[in-house]
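**Student:** Sending over a structure as structure tokens; questions will come in a sec.
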Amino acid sequence: MIRCMVLDTGDMSSSKVHVDESDPTGYEEPPFESRDVQLRKGKLITDEYDIIDGLLGKGKFGKVQKCKEHKTGRLLAVKFIKIHDSQMKKDVLNEIEIMKCLQHPRLLQLYDAFEGKDNVCLVLELITGGELFERVINDDFILTERASVMFLRQICEGMEFMHSKNILHLDLKPENILCLTRQGNRIKIIDFGLARKYDPKGDLRVLFGTPEFMAPEVVNFDTVSPATDMWSIGIICYLLLSGLSPFMGHNHDDTLVNVTCAVWDFNAEEFESVSSEAKDFISSLLIKNPVLRMSAKECLEHKWLRKSKKREGNLLDRSLSKKRLRKFVYRRKWQKAVNAMLALKRMGVQLS
Ligand code: ADP
């Protein structure tokens, strides 16, 4: 369904707001046929691809740019990862192996991979819609619960697939959810740099992630499981509906203490207009004991996400306030810029 609303902005050329809230249904053409990607050594990426000027994004380990394959003219993205040590190399090889197992419309697809002297280039499906949260805070996007349901359902579909392959993402956060195109409503989960294979009988523990989105078992260095990703989905949902980050403290240490206490509520006025179904969905994820959290499959069957059911229409269509969400997005951008500067300083780059 495409809803069209007219806002009283005074400028009629920009006053129509279109929000496509239809569910992604039916067969979705993959961006390319499935490929058995092998890391190619002794070959330059520029032998086969033109790198196009301009940044698509910047991550912890390098930059992402657009590129074009000579042979097919296909537009793709390339992620350049600087390799500093053998552990980093192992991590990138892990990322490649994991991405090869993840052929699903909600998950970013790997196309090719090259190994240089001190870097690895991952050629990826190109995503042109930008980060989901940046998209929804735009004035031309009306954020409703119905739209949030549509996004959350897709995130859970991606996670259901990953977990069915016994792979954990372990770094789910708003920056890792992109919109496939500028206008459409399809999303893609990206960045499998911290993803891990998971043995249900094993005892996998990790100590990484982004404090605001980390589950208590990560902070406590306990065993992680698919439920660890589900906690992060609970936080993303809480944020999308209110713009509030439930465990954020004055600094990282405060945040981590708040996460381990796992005490949170819906007392903020932003939740006054949120449906009880949405609150039940979040409450079934932000549970300290991972065993009690909903799985991705259970999420998809939850009354808030379930498809083709008559709902409390008006409530789901009411537009949500984006004031807090805007603040959250700007704060994250600021933090990222500061982190990038600190990283440059650590590398000995003189900053003026
Ligand atoms: P890192 O693992 O180094 O943190 P990411 O994989 O998160 O890097 O990528 C960094 C940023 O680059 C993302 O936040 C996103 O904005 C952009 N990006 C990554 N992959 C793509 C892609 N395939 N298409 C378009 N933009 C991308």
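**Student:** What residue, of Phe151, Phe161, is open to solvent by 30 Å² or more (accessible area, probe 1.4 Å), outside any loop (DSSP other than H, G, I, E, B), touching a strand residue (DSSP E or B) at 6+ places or on another chain (Cβ under 9 Å) and not assigned by TED's automatic domain parsing to the domain that holds Gly62?
**Tutor:** Every option except Phe161 fails the conditions.
**Student:** Among all residue pairs at least 6 apart or on different chains, which show Cβ distances below 9 Å where the first residue, located in the range 138-159, is in contact (Cβ under 8 Å) with a residue 24 or more places away in the chain and the second is among the hydroxyl-bearing types (Ser, Thr, Tyr) and open to solvent by less than 10 Å² (accessible area, probe 1.4 Å)?
**Tutor:** Pairs that qualify, where the first residue is in contact (Cβ under 8 Å) with a residue 24 or more places away in the chain and the partner is among the hydroxyl-bearing types (Ser, Thr, Tyr) and open to solvent by less than 10 Å² (accessible area, probe 1.4 Å), are Glu145/Ser275.
**Student:** Right, something else. Quick one: would you say Phe61 is open to solvent by less than 40 Å² (accessible area, probe 1.4 Å) and of a type in the set (A, V, I, L, M, F, W, C)?
**Tutor:** no
**Student:** Any chance you could count how many residues in the range 117-135 are at pLDDT below 95, open to solvent by 10 Å² or more (accessible area, probe 1.4 Å) and over 20 Å from Gly42 (Cα atoms)?
**Tutor:** Counting residues in the range 117-135 that are at pLDDT below 95, open to solvent by 10 Å² or more (accessible area, probe 1.4 Å) and over 20 Å from Gly42 (Cα atoms) gives 5.
**Student:** Name the residue that is most open to solvent (accessible area, probe 1.4 Å), counting only residues in the range 251-270 that are in a helix (DSSP H, G or I) and without any contact (Cβ under 8 Å) to a residue 40 or more places away in the chain.
**Tutor:** Glu269
**Student:** Okay, moving on. Six or more apart or on different chains, Cβ atoms under 8 Å: show the pairs whose first residue is in the range 306-326 and open to solvent by 100 Å² or more (accessible area, probe 1.4 Å) and whose second is in a strand (DSSP E or B) and at pLDDT 65 or above.
**Tutor:** Sorted first by the residue in the range 306-326, then by its partner, the pairs are Arg318/Thr144.
**Student:** Among the numbered criteria (1) open to solvent by less than 40 Å² (accessible area, probe 1.4 Å); (2) outside any loop (DSSP other than H, G, I, E, B), which single criterion is violated by Ser273?
**Tutor:** Among (1) open to solvent by less than 40 Å² (accessible area, probe 1.4 Å); (2) outside any loop (DSSP other than H, G, I, E, B), Ser273 violates only (2).
The values are calculated or read from the model by the stated rules, or taken from the named source; none is laboratory data. Since the structure is predicted, the reported quantities are computational estimates derived from the model, not experimental observations. Here the Cβ is made from the backbone with ideal geometry for all residues, glycine too, and neighbour counts use every protein chain on show. Accessible surface is based on the protein model in full, side chains and every heavy atom, while ligands, DNA and RNA are left aside. Shrake-Rupley method; radii C 1.70, N 1.55, O 1.52, S 1.80 Å.
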